[in-house]
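Below you'll find the structure, written out as structure tokens, and then a few comments.
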Amino acid sequence: MYLVDTDILSELVKKQPSPSVVRRLDALPSETLFTSSITLMELRSGAMRRTPDGGLWTQIQEKILSRVRTLGFSYKEAVIAGDILTGLYASGQPIGTEDVMIAAVAMSNGLVVVSGNTKHFSRVWGLKVENWFD
């Protein structure tokens, strides 16, 4: 089961999406695909900055969000994120707060993070990561 990151999901609205990403997403049943409320926030922000009339956001809802279930960020995830962030700072390798939060959602739910950003996510001890752009 997979927690799909922003860069993977946003491929679906590109004029020429990555064939490997599309192939992987199409091969899996929708009940195995999740995203986080943090990714939802990033998608919404990006869409509204590009097309303030909401046209891109509508596309994202129809083509992307209809294919995945969104998991929230609550107390349990916040505690895990705090621990992840502490460990990353202690090792001198911090990553962005949003990525820490996404990692926490994945770990809280026993999911593999799917992202092209393996450089950052691989720093999180115990987190399973796959890059579907490969």
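Values in this text are rule-based calculations from the coordinates and carry no lab data. Every value quoted in this text rests on a predicted model; they were computed, and no experiment measured them. Counting neighbours? That spans all protein chains shown, and the Cβs are built from the backbone with ideal geometry, glycine included.
Ranked from largest, the principal axis spans of the Cα set of the stretch 7-113 equal 42, 32, 25 Å. For the stretch 2-130, what's the relative contact order in percent, using C-alpha pairs closer than 8 Å and at least 6 residues apart? That works out to 30 percent. Screening the chain for DSSP H helices whose Cα atoms reach 15 Å or more along their own axis and whose mean Kyte hydropathy is at least 0.0 gives 75-90, 97-109. Reducing the stretch 45-65 and the stretch 75-134 to their Cα centroids gives an inter-centroid distance of 26 Å. Among residues other than Val100 with Cβ under 12 Å from its Cβ, the summed charge is -3 (Lys and Arg +1, Asp and Glu -1). Annotation: for a label point projected 7 angstrom from Cα along Cα→Cβ of Ser45, residues of the stretch 1-15 with backbone N closer than 14 Å are 6-7. Counting only pairs 8 or more places apart or on different chains, how many lysine pairs in the chain have C-alpha atoms closer than 28 Å? Qualifying lysine pairs in the chain: 10. Antiparallel beta bridges, as assigned by DSSP with both residues in the stretch 2-130, represent about 0 percent of the total such bridges. Note on the chain: helix-only mean residue ellipticity at 222 nm, from DSSP H runs of 4+ residues weighted -39500 (n - 2.57) and normalised by residue number, equals -15000 deg cm²/dmol.
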